[in-house]
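Have a look at the structure below before the remarks.
The values are calculated or read from the model by the stated rules, or taken from the named source; none is laboratory data. Everything numeric in this text was worked out from a predicted model, so none of it was measured. In this analysis, Cβ positions are derived from the backbone assuming ideal geometry, glycine residues included, and neighbour counts consider all displayed protein chains.
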Amino acid sequence: MGEIGYHWWEVYGHFAPGVGSLPHAGEVYRHYRKLRGLTEEELATRLKWTVRYIKMLESKKNKNMPDLLSRRVLLAKVLNIPPILLGLSAITLVGDDTIQGVNAIGEEQIVDARAMAFYEGMLALSWDFYYTSSVQRAAKQIQACFDLLDHDAQGTTGVQLDQYDAMRCRFYQLFSLVARDQMNTEQAIADSSQAVTIAERLGNAELLAASLLRRARISIQQQSYDLAYQDAQKALPYADLSRDPLKGKVYQIAGETLAYIAGNDVALQKKSLEYFNEAGRIARKGNLKPDGSFVKVDLTSIYIERAKALTLFRRYDDAHNALAVARKNLSPGLIRWEINLLIQEARTYYEQQQYEMCCTSLLDALKLVRAVKLESKEDRISTLYQQCQEKDPRSPAVQKLGKALSLGAIAS
């Protein structure tokens, strides 16, 4: 399995290899203790063990599971660890102390690593379609990949089902973004919620963080800021158990959602910017090796959203400075990021009542939007144009943008 880069336990979390076919024991114990919100002292009290023993169990040197089966079972029960991670295929608890149905891991079937690597490749290809193709073409290709996965998953149970569901969860996240871009709000919410439901069942911190992140993004687009904020706050503890790319992105959206509800509350505004600062720190110094979440934590997107927050706070000069940082760090080929930058630049100009500059930025954005056929973005451009047209209908740039929107082509 190692040569392919996939381990069966990744359905539950990102753990290093341990002994035999099991994940690193210390990492598993530490991860699930933190996932349950327990300190070492609290866990020791519940188990009636010493803190020293808990520290030994969670140490980097401890790759082995406890020799005593009863201790593994107790840890699984108290921390709600999937039994298979502890070398157990099933645990049936009767009352508080009686245990039935404990079997060897060898009886549990898992999906072959090469098959999972194939599905991983399909998912990566689907994300590539999303970022580089029109939304309509991407939707067809992604659906075809998902249908193959769904067909192969039929009739599976146990860990095999969990493996397929983890992959389904990641596809549903992508489906939600496609539906959002197609202006199908109801489907976008349904797909993102399906991803959250699967992630909750699996108890996978990274899947939970990514699914909540994407549902929050859709809620923002629907101006359901309270719901977006709730999802972002719920995602933060899971983000702290995730790898840096996903962790940084969750801190970014925490800053975004708080900015929308901060109003004139200076303390909330400060907290929002602190979230952006943490996201920026991760983007600059973190380990940004791809983590399978297909989020891109980068200074461009962070500073675009920071500029949006600063515009909401009416700190326009700071907003333009943030956009300058975003533009400086914009990588070639990231068309969606460039569109977002231009639209936010236009929004900041609009709030400053600089309608000519606003529509100039919108014209540049419209060219890119139509090249990749992003209906949702064109709708945003049209809405902002209408606001400019009401304020300054004689502006040459306003009139030029209006013509471009009505003709379906960019005037030269």
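When residues in the range 222-255 are screened for being more than 11 Å from the chain's Cα centre (by Cα) and either of a type in the set (S, T, N, Q) or on the phi > 0 side of the Ramachandran plot (or both), 5 of them pass.
Regarding GLU338, is this residue surrounded by fewer than 20 Cβ atoms within 10 Å (Cβ to Cβ) and in the same structural domain as LYS400 (by TED's automatic domain parsing)?
Numbers: surrounded by fewer than 20 Cβ atoms within 10 Å (Cβ to Cβ): no; in the same structural domain as LYS400 (by TED's automatic domain parsing): yes.
Considered against the rule, which asks whether it is surrounded by fewer than 20 Cβ atoms within 10 Å (Cβ to Cβ) and in the same structural domain as LYS400 (by TED's automatic domain parsing), GLU338 comes out as no.
Being under 20 Å from LYS377 (Cα atoms), part of a helix (DSSP H, G or I) and not assigned by TED's automatic domain parsing to the domain that holds GLU338: is that true of ARG217 here?
On the way: under 20 Å from LYS377 (Cα atoms): yes; part of a helix (DSSP H, G or I): yes; not assigned by TED's automatic domain parsing to the domain that holds GLU338: yes.
Criteria met by ARG217.
Of the residues contained in the range 116-128, none is found to be surrounded by 14 or more Cβ atoms within 10 Å (Cβ to Cβ), modelled with pLDDT of 85 or more, farther than 30 Å from ILE335 by Cβ and among the charged types (D, E, K, R).
Residue count for the range 229-267 under the criterion of being under 25 Å from LEU374 (Cα atoms) and surrounded by fewer than 24 Cβ atoms within 10 Å (Cβ to Cβ): the result is 1. Going through the range 132-146 one residue at a time, which ones are closer than 15 Å to ARG370 by Cβ and hydrophobic (A, V, I, L, M, F, W, C)? Once the filter is applied, which keeps residues that are closer than 15 Å to ARG370 by Cβ and hydrophobic (A, V, I, L, M, F, W, C), the range 132-146 yields only VAL135. For the range 52-81: of the residues being of a type in the set (Lys, Arg) and part of a helix (DSSP H, G or I), which is farthest from PRO237 (Cα to Cα)? Per the criteria, the residue is ARG71.
Counting only residues that are farther than 23 Å from ASP392 by Cβ, touching a residue at least 12 places away in the same chain (Cβ under 8 Å) and over 21 Å from the mean Cα position of the chain (by Cα), the range 329-355 holds 1 of them.
Scanning the range 24-57 for residues that are surrounded by 19 or more Cβ atoms within 10 Å (Cβ to Cβ) and touching a Leu at 6+ places or on another chain (Cβ under 9 Å) turns up ALA25, GLY26, VAL28, TYR29, ARG30, HIS31, TYR32, ARG33, LEU35, LEU43, ILE54, LEU57. Can LEU125 be described as in a helix (DSSP H, G or I) and free of Cβ contacts under 8 Å to residues at least 12 places away in the same chain? For LEU125, the condition - in a helix (DSSP H, G or I) and free of Cβ contacts under 8 Å to residues at least 12 places away in the same chain - is not met. Of the residues making up the range 241-254, none is in a helix (DSSP H, G or I), farther than 22 Å from THR300 by Cβ and of a type outside the set (S, T, N, Q). Out of everything in the range 6-23 that is more than 17 Å from ASP112 (Cα to Cα) and in contact (Cβ under 8 Å) with a residue 12 or more places away in the chain, what residue ends up being surrounded by the fewest Cβ atoms within 10 Å (Cβ to Cβ)? Here the answer is VAL19. Cβ separations smaller than 7 Å between residues 6+ apart or across chains give the following pairs from the range 294-323 residues that are free of Cβ contacts under 8 Å to residues at least 40 places away in the same chain and under 21 Å from LYS271 (Cβ atoms) to residues that are among the charged types (D, E, K, R) and crowded, with 22+ Cβ neighbours inside 10 Å: ALA322/ARG306.
Can you confirm whether PRO83 is modelled with pLDDT under 90, surrounded by 15 or more Cβ atoms within 10 Å (Cβ to Cβ) and under 28 Å from the mean Cα position of the chain (by Cα)?
Details: modelled with pLDDT under 90: yes; surrounded by 15 or more Cβ atoms within 10 Å (Cβ to Cβ): yes; under 28 Å from the mean Cα position of the chain (by Cα): yes.
Judged against the criteria, PRO83 is a match.
The one condition from (1) modelled with pLDDT of 95 or more; (2) buried (at least 22 other Cβ atoms within 10 Å of the Cβ) that ASP226 does not meet is (2).
The conditions are (1) more than 26 Å from GLN160 (Cβ to Cβ); (2) in a helix (DSSP H, G or I); (3) at pLDDT 90 or above; (4) over 25 Å from the mean Cα position of the chain (by Cα), and TRP49 fails exactly one of them. Which is it? Here TRP49 clears every test but (2). Of all residues in the range 364-393, those satisfying the criterion of being without any contact (Cβ under 8 Å) to a residue 12 or more places away in the chain and over 17 Å from GLN222 (Cβ atoms) are GLN386, GLU390, PRO393.
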